[in-house]
Structure formats: C-alpha cells, structure tokens
Amino acid sequence: MRNNLKKVLGTLLITALAAGVAACGNSKSSNGDKSTIKVGSKDFTENLVVGEIYALALEEAGYNVERIPNIASSVIHTSLINEEIDLYPEYTGTGLLSILQLDLITDPQEVYNTVKTEYEKQFNLVWLDYSAANDGQGLVIRTDVANKLGIKTISDLQANAGKIRFASQGEFDEREDGIPGLEKVYGPFDFKSSKVYANGLKYEVLSNDEADVAPAYTTEGQLVKEEFTLLEDDKQVWPPYNLAPVVQKSVLDENPDIGEILNKISASLDTAKVTELNAAVDVDKREYEEVAKEFYDTIK
C-alpha cells in the first residue's frame, strides 16, 4: 500500500514537473494556437510607430503580443540577445557601425547583406527584408535660402558656405560622420557663422531666421513643412539607415509566418511615408498608437 502510494505520488510529481517545464519552454498563447510575441521598440517616435505596426500585424495574424516600448537605444540589442524581447525595428546603418563596429559602407544592399550575415553568425538573430525607408544623417536648409542661392545638394552648400549660417549641435562638428567626414569628401565648409543649439530647437531656430542650415535625420516629421528642404548627399558620404525587423532566429523557426507578416510591413514603408507618420505624432501631436493603427488599416 505504501509502495503504491509512493508510485502514485511520484507519478503526480513527474507530471507536474513536466507540465511546468513545458509551460516555461514555450510561449504559446492561452488558446494554444499562436505564440506570445514580445515586440520591443526604441524610445523615439518613429520606432514606437513602426513597432506598433508590427504588433498590430501580428495580432491580426492571431498572435498574442506583449508590447515593450521605450527601450533605450543603447540597450535594446542586448534585450533582444537576452530574450527579453523577440523582435524590434532596427536600422541597417546602426547594425553596421554601432553594433558590429565595421567600416563604413554606403551601398544599401551591401550594408544589409553584411549585417544579415554577421548578426546570424554572431548573435543568432535574423534581419528580415529591409524597407526603402532611410532614417539617416542629413542636412536641412530653409527653403527660401535654398531657392535664393540655388542650393539642392551638399556640394551646392559647400560652394555657398560663406553665405550660410550653420546651426550645429556641437558634437556634429567633431563626429566622424559630421563635419570632419563631410570635409574629407566635399572640401572645407567655411560657414559665415556657426553656433551651437540644442537639437530639439533646430527647427525653431531655422523658422526664426536665426540660422540657415542644421543637421537633421532624413525622416524627421518637420520635414513635411514646405519651409524646410532636405539636401541631397550627392557624393554619398553617409551610410544608409534602412529600417527592418530584427528577430530571434528561434522565434522564426517556431513561427515561420512571422517573416512574411513583417516583410509585408517593410514593403509598405518608404522615407516619405515614415516622415509623414512621424509628422502626425511630432507636428500634429497625435498619439503614436492611433497613427500606427490608421496606417495599418490602409495596408492590411
């Protein structure tokens, strides 16, 4: 009797332990159909919007989604490696220069091929398709000044630098991808004046006619305004920062349809569209979740 009781208790214990291991070893949702996917995003508008679009698409496909927004750029890669998140929107140039710390490449496909290969080899992470949206370094000029001086490219700016008031953010004057990098390719920029302003004030400074040109990122929402013009990097100094989902390989192995779901999102995004989405939040002051849902409803 005692032996039978021991056997029954032992069987129950083994069953309970097995159930516990199974619960810890997968992330299936309560309905048993789809996994729970943890979607991360960085702590700025564009990444929040795109991360929310990813989340909506996965939910539409039947996945449970746990949103983990506002992760600092400095730690989000580590969060993915540590399996605190399953995927997030990243930029090819960031992967190349900040994470892999490789030499500058300016061809978008070559940058993508490099990060895709190295991420899988080094981190067991997969880059899905990259979008045409490029959130890279740029220079913005007041449109009236550009029209008056005939400035469309950075070469044109360099040739007219003596007539231009430059609004720097300080570090841009020293960074390898700032003025030093530009001068290596375009020649010296002998601006009429150069003053340092906080990055968040640059569009106000330009609008108030306190400066003519400032560093910018190529998808900033304020660029939808006609009073600002983004200059063409005609000699391709800066690397591309194309947007793409980066996903844990194990998650894709278990849920192969995620690749198709998120690649469809990437195919719908270009620089103009992402700039428009950023403007809806940063200029029109709408909630990023609302902006993401409105856009997703147009492409699903």
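A short reminder: the numbers here are calculations on the coordinates, not readings from a lab. Note that the structure is a prediction, hence the values are computed from the model and not measured. Here the Cβ is made from the backbone with ideal geometry for all residues, glycine too, and neighbour counts use every protein chain on show.
Each residue in V39, V283 was given a count of other beta-carbon atoms within 10 angstrom of its own, and listing them fewest first yields V283, V39. With Cα atoms defining each centre, region 249-275 and region 132-155 are spaced 30 Å apart in the structure. Among the listed pairs K225/K264; K152/K195; K163/K285; K38/K285; K202/K225, a Cα-Cα separation exceeding 25 Å is found for K225/K264; K163/K285; K38/K285.
Near K184, which lysines are there with a Cα under 16 Å away, not counting those fewer than 8 places off in the same chain? Within reach: K235.
Could you list log10 I(q)/I(0) for the chain at q = 0.07 Å⁻¹, which the Debye formula gives when each Cα is one point scatterer? At q = 0.07 Å⁻¹ the computed log10 ratios are -0.34. The value of relative contact order for region 91-206, using C-alpha pairs under 8 Å at least six residues apart, is 19 percent.
Charged side chains reduced to their Cβ positions (Lys and Arg at +1, Asp and Glu at -1) give the chain a dipole of some 1080 debye around its Cα centre. In a simple Cβ point-charge model (Lys, Arg +1; Asp, Glu -1; nothing else charged), region 137-230 has a dipole of about 240 debye relative to its Cα centre.
When you filter the GluC sites (Glu not before Pro) in region 34-108 for DSSP loop state and at most 14 other Cβ atoms inside 10 Å of their Cβ, you are left with E83, E84. Classification of region 73-123 by its C-alpha gyration tensor yields a prolate form. The axis ratio a/c (a ≥ b ≥ c) is 1.5 or more, and a/b outweighs b/c. In straight-distance terms, cross-link reach from K34 covers every one of the lysines whose alpha-carbon lies under 18 Å from its own, apart from those fewer than eight places away in the same chain; here that gives K249.
Prolate is the label for region 83-217, because a/c, from the alpha-carbon gyration tensor with a ≥ b ≥ c as root eigenvalues, is 1.5 or above and a/b exceeds b/c.
Dipole orientation for the chain: of the candidates I37, L102, I151, I37 has the Cα lying most toward the positive pole (charges on Cβ; Lys, Arg +1; Asp, Glu -1).
Secondary-structure-derived ellipticity at 222 nm for the chain, considering helices only, amounts to -13000 deg cm²/dmol, per-run term -39500 (n - 2.57) for DSSP H runs with n ≥ 4.
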